[in-house]
Amino acid sequence: MLAIALGAMLLVALGPRRIPPWVWPVAGAIFLVVFRFESPQAALGAIAGQWNVLVFIFGLMLISAVADQSGLFAWVADALVVAARGSRRRLFCYIFGSGALLTAILANDTTAIVFTPIVYRAVAGRGIDALPFLYACTFVADTASFGLPFSNPANLLVIARPEFIPYVLHLFVPMLIATGLNLLVFLVLFRRALGGRYARAEPKRLEPRMRATLVTMSIVALGYLAAMAADLPLGPVAVAGALAVLIAARANPRAAVAQIAWSTFALLAGLFVLLDAVVHQGASAWALAGLHDAARHGPLGTLVAAAFGAAVAANLLNNLPVAAMSGALVAHGASKLLAYPFIAGIDLGPNLSTTGSLATILWLTIVRRRGVQVNPFEYLRLGLCFVPAALLITCLWLWIVK
């Protein structure tokens with residue numbers, strides 16, 4: 001089972017470009033069902049059991065599509081270009097910071113799906129090497145996604161109904177540190193590409209429908225907080241928020257729905273079935289045994305084992321199905337406090353590979369369509385420059401605050 005799952009993820013990263021990424025996980029899942037390694041009932045149950053996160057992702061995609069239609073994201077990119085006053089380095093910092101804010105409020109998939117093409121258009125048209133800015137979009141989408149419960153759908157798989165205050169106490173500060181470290185490392189690594197200047201641009205006007213969209217999206221973020229306080233699932237809240245944004249933006253519903261990447265749900269379904277088969281082969285028991293062994297080295301050793309173990313697994317199998325397994329471990333045997341290092345590893349860890357998270361897979365598809373080539377080994381090198389350090393800092397913080 002593990003070999004099939006790993007093979008599917010390898011093909012997602014390296015497979016023929018004319019074959020969509022979702023084909024490989026779906027093909028692997030079908031293979032398991034056809035040859036009775038996984039029953040149809042178990043496969044359907046694995047997908048249906050994650051209804052909340054699937055509905056949440058749908059709501060996010062619809063919000064992103066509507067905001068894109070309204071011109072809000074394009075206005076933000078243009079505003080950043082103007083604010084940087086011709087400095088490539090300053091523009092990079094502004095884009096990185098805006099990507100972090102967008103991720104925190106609207107989740108990492110929004111940064112990958114919507115912000116990436118807008119950033120590409122903003123920088124490539126000015127004769128700037130776009131690759132560092134594109135890397136900024138995908139890395140910040142994962143790095144800044146573990147500080148708030150709704151910043152990454154994977155977080156809701158580990159803790160289905162999180163309590164906002166305890167969550168923020170444990171993970172918000174490490175997220176800020178990790179994001180700052182990520183930015184600092186990139187400024188050093190890309191210092192040559194970020195040198196020089198570009199022609200300054202004129203500011204554009206924020207139109208009323210853009211302003212209405214922005215205000216409504218802010219209200220949706222507050223709705224997430226209210227839902228968590230009331231112990232309600234966030235999926236229906238995201239869909240209701242999408243409908244509110246649709247009305248506020250006066251957007252075309254058909255055009256917005258057509259902009260949704262529907263193949264993403266096929267990819268997720270395949271991943272959930274693959275993981276379910278792996279779990280049935282004893283993966284959960286093996287993970288619990290590993291955590292039990294790590295406990296011999298004290299609480300800090302357990303935190304490190306959970307965070308780094310989740311990071312490695314996320315890069316091998318994708319972080320969403322690994323998050324589902326982590327949630328099951330927390331619910332059926334592991335300490336509740338291990339949910340936080342699991343989330344850190346699941347969100348930060350995918351910065352080591354181009355298939356580690358859904359956001360990264362979507363980003364890779366977008367940049368390939370624009371003729372930009374991404375070397376997976378360079379991606380790994382960039383991630384290794386800060387991910388291990390960020391995970392260690394997070395574990396130390398969790399050990400202190402407990």
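The values are calculated or read from the model by the stated rules, or taken from the named source; none is laboratory data. What you see is a predicted model, and the numbers here were worked out from it, not measured in a lab. Heads up, the Cβs are rebuilt from the backbone with ideal geometry, glycines too, and the neighbour counts pull from every protein chain shown.
Points worth noting:
- Residue in the range 89-101 that is in contact (Cβ under 8 Å) with a residue 40 or more places away in the chain, assigned to a loop (DSSP other than H, G, I, E, B), of a type in the set (Gly, Ala, Ser) and closer than 23 Å to residue 256 by Cα present: no
- Test: residue in the range 346-361 that is in a helix (DSSP H, G or I), in contact with a helix residue (DSSP H, G or I) (Cβ under 7 Å, 6 or more places away or on another chain) and modelled with pLDDT under 85: no
- Helices (runs of 4 or more DSSP H) enclosed by the range 111-188 - at least 2 residues per element that are without any contact (Cβ under 8 Å) to a residue 60 or more places away in the chain: 116-124, 131-143
- Scanning the range 243-255 for residues being within 23 Å of the chain's Cα centre (by Cα) and crowded, with 23+ Cβ neighbours inside 10 Å gives a total of 1.
- Just one residue in the set 105, 95 is buried (at least 24 other Cβ atoms within 10 Å of the Cβ) and either within 16 Å of residue 245 (Cα to Cα) or among the aliphatic types (A, V, I, L, M) (or both); that residue is 95.
- Any hit, the range 388-397, residues being farther than 17 Å from residue 144 by Cα, of a type in the set (A, V, I, L, M, F, W, C) and either over 14 Å from the mean Cα position of the chain (by Cα) or surrounded by fewer than 23 Cβ atoms within 10 Å (Cβ to Cβ) (or both): yes
- Annotation: residue 216 fulfils all but one of (1) under 23 Å from the mean Cα position of the chain (by Cα); (2) not in a helix (DSSP H, G or I); the unmet one is (2).
- Boolean, residue 394 is among the polar types (S, T, N, Q), closer than 15 Å to residue 139 by Cα and assigned to a helix (DSSP H, G or I): no
- Verdict on residue 236 being surrounded by fewer than 22 Cβ atoms within 10 Å (Cβ to Cβ), under 20 Å from the mean Cα position of the chain (by Cα), modelled with pLDDT of 90 or more and of a type outside the set (Lys, Arg): yes
- Scoring residue 236 on the criteria (1) within 28 Å of residue 29 (Cβ to Cβ); (2) part of a loop (DSSP other than H, G, I, E, B) leaves a single failure, condition (2).
- Number of positions in the range 43-59 that are among the aliphatic types (A, V, I, L, M) and out of contact with any helix residue (DSSP H, G or I) (no Cβ under 6 Å at 6 or more places or on another chain): 3
- Check on residue 246, out of contact with any Ser or Thr (no Cβ under 7 Å at 6 or more places or on another chain), of a type outside the set (Phe, Trp, Tyr) and closer than 14 Å to residue 68 by Cα: yes
- Some residue of the range 52-62 being more than 24 Å from residue 364 (Cα to Cα), assigned to a helix (DSSP H, G or I) and out of contact with any Asp or Glu (no Cβ under 8 Å at 6 or more places or on another chain): yes
Residue-by-condition table, conditions (1) basic (Lys, Arg); (2) modelled with pLDDT of 90 or more; (3) surrounded by fewer than 19 Cβ atoms within 10 Å (Cβ to Cβ):
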| position | (1), (2), (3) |
| --- | --- |
| 209 | yes, yes, yes |
| 224 | no, no, no |
| 263 | no, no, yes |
| 268 | no, no, no |
| 276 | no, no, no |
| 282 | no, no, yes |
| 290 | no, no, yes |
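- Residues of the range 367-381 satisfying the condition of being on the phi < 0 side of the Ramachandran plot and surrounded by fewer than 20 Cβ atoms within 10 Å (Cβ to Cβ): 368, 369, 370, 372, 373, 374, 375, 376, 377, 378, 380, 381
- A residue that is out of contact with any strand residue (DSSP E or B) (no Cβ under 9 Å at 6 or more places or on another chain), of a type in the set (Val, Ile, Thr) and modelled with pLDDT under 95 can be found somewhere in the range 159-167.
- Residue 104 vs. criteria among the aliphatic types (A, V, I, L, M), at pLDDT below 95 and out of contact with any helix residue (DSSP H, G or I) (no Cβ under 6 Å at 6 or more places or on another chain): yes
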